[in-house]
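I have placed the structure first, in the form of structure tokens, so that the comments after it can refer back to it.
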Amino acid sequence: MIICRSVSKVYETIEGERIHALADINLAVQDREFVSVVGPSGCGKTTLLRLIAGTLPKSAGEILLRGSPVTGPRRDIGIVFQTATLLPWRNVLQNALLPVDVQGLDKKTYTERARDLLQMVGLTGFERKYPFELSGGMQQRVSITRALVHNPAVLLMDEPFGALDALTREQMNLDLQRIWATAGKTVFLITHSISEAVFLADRVVVMSARPGRILAEFQIGFERPRSLDVMGAPEFGRLVTEIRRHLTAHGALG
Ligand SMILES: Nc1ncnc2c1ncn2[C@@H]1O[C@H](COP(=O)(O)OP(=O)(O)OP(=O)(O)O)[C@@H](O)[C@H]1O
Ligand SMILES: [Mg+2]
């Protein structure tokens, strides 16, 4: 579904400084695979996500999405950011339908789809509410709906639950697992939480400090659907410890 071959990114600042953000990233994500990415702040995670999304040009290497090179923004991708970024003058349903308006898709068909998705994320009855009337978790549910409404094959998520309290975050993890299983999407999730990464993913990719490289990959074999209890399993603790050890060994953590 996603292939990165020897991808690197060097930013040039206005002062002419060159910042090597990513170095030699090689990654292949399968159809319907759930991949989590963890790494220290500033290691290039968002940069990698933007390269895959086609919203930022790469400096070297090759990125393929469903077999075709990424040369610019694409319709077969949905993106969820750390903050919900809803439009305050649009209600929930209208916010969810934003990609449909932007891409000029059939309103009637996609309104039905948006309603189904809102039901899936637990927002039935809130269609006519405005963002200011929603909690942070509810706003983020709307942004997930917006990312899925045009039925993209790939969902890219950049720290989607970072701004939520711990309990809401756990609920969102359970919901995301269910959405992923139901909707049959390929998910690429960036997170600062090692346990969130392990809980959700089929595979966790660990990145080094800048310039970001892939340090290690861990297959996560827990049966699905997973309940939060899995976090108490010895194997879960072992994986979290090992991933943290990798980050520490490479100077990413304390
Ligand atoms: N537009 C830009 N111009 C110059 N440098 C940039 C630009 N965007 C990002 N960088 C630099 O590239 C590096 C990687 O940034 P990026 O946002 O990808 O990191 P990140 O891993 O997502 O960090 P965080 O976990 O804090 O979100 C950082 O050192 C950052 O300062
Ligand atoms: Mg980031």
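The values are calculated or read from the model by the stated rules, or taken from the named source; none is laboratory data. None of these values were measured; they are calculated from a predicted model. We place every Cβ from the backbone using ideal geometry, glycine too, and count neighbours over all the protein chains shown. Keep in mind that these areas ignore ligands, DNA and RNA; they rest on the heavy atoms of the full protein, side chains included. Shrake-Rupley method; radii C 1.70, N 1.55, O 1.52, S 1.80 Å.
What the table shows:
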| quantity | calculated |
| --- | --- |
| Residue-normalised accessible area of the range 54-148, given per residue in Å² at a 1.4 Å probe | 52 Å² |
| For the range 227-234, Karplus couplings with θ = phi - 60° (6.51, -1.76, 1.60), whole Hz, Gly/Pro x | 9, 4, 4, 4, 5, x, 6, x |
| Inter-label distance for Leu167 and Arg224, nm, one decimal - labels placed 7 Å from Cα along Cα-to-Cβ | 2.8 nm |
| Full-extension gain in nm, Ser135 to Arg66, via 0.36 nm per residue minus C-alpha separation | 21.3 nm |
| Theoretical gain in end-to-end length, Arg75 to Ser41 [0.36 nm per residue, Cα-Cα removed] | 9.4 nm |
| Largest-first principal axis extents of the Cα set of the chain (Å) | 50, 46, 34 |
| Net charge of neighbours whose Cβ lies under 14 Å from the Cβ of Glu217, counting Lys and Arg as +1 and Asp and Glu as -1 | -1 |
| Counting DSSP beta bridges with both ends in the range 138-254, the antiparallel % (nearest 5) | 50 percent |
| Whether the range 114-158 is rounded, prolate or oblate, judged on the alpha carbon gyration tensor where a/c under 1.5 counts as rounded | oblate |
| Accessible surface of the chain, 1.4 Å probe, proportion on carbon and sulfur as whole % | 52 percent |
| Amide H contacts of Met207 (H built 1.01 Å from N, under 5 Å, at least 5 apart or other chain) | Val38, Gly39, Leu215 |
| Estimated vicinal HN-Hα couplings, Hz - the range 149-155 in sequence order (Karplus 6.51, -1.76, 1.60; Gly, Pro = x) | 4, 8, 6, x, 6, 10, 10 |
| Euclidean distance of C-alpha centroids, the range 33-47 and the range 195-218, integer Å | 7 Å |
| Ellipsoid equivalent to the range 36-115 - semi-axes via the Cα gyration tensor, in Å | 28, 18, 10 |
| The range 53-153, relative contact order [Cα under 8 Å, separation at least 6], % | 37 percent |
| Relative contact order, percent, the range 139-254 [alpha-carbon distance under 8 Å, six or more residues apart] | 22 percent |
| Computed FRET value (nearest 0.05) for Arg244 with Lys107, which takes r as the C-beta separation and R₀ as 45 Å | 0.40 |
| Pairwise FRET efficiency - Arg178 versus Asp31, Cβ, R0 = 22 Å, nearest 0.05 | 0.70 |
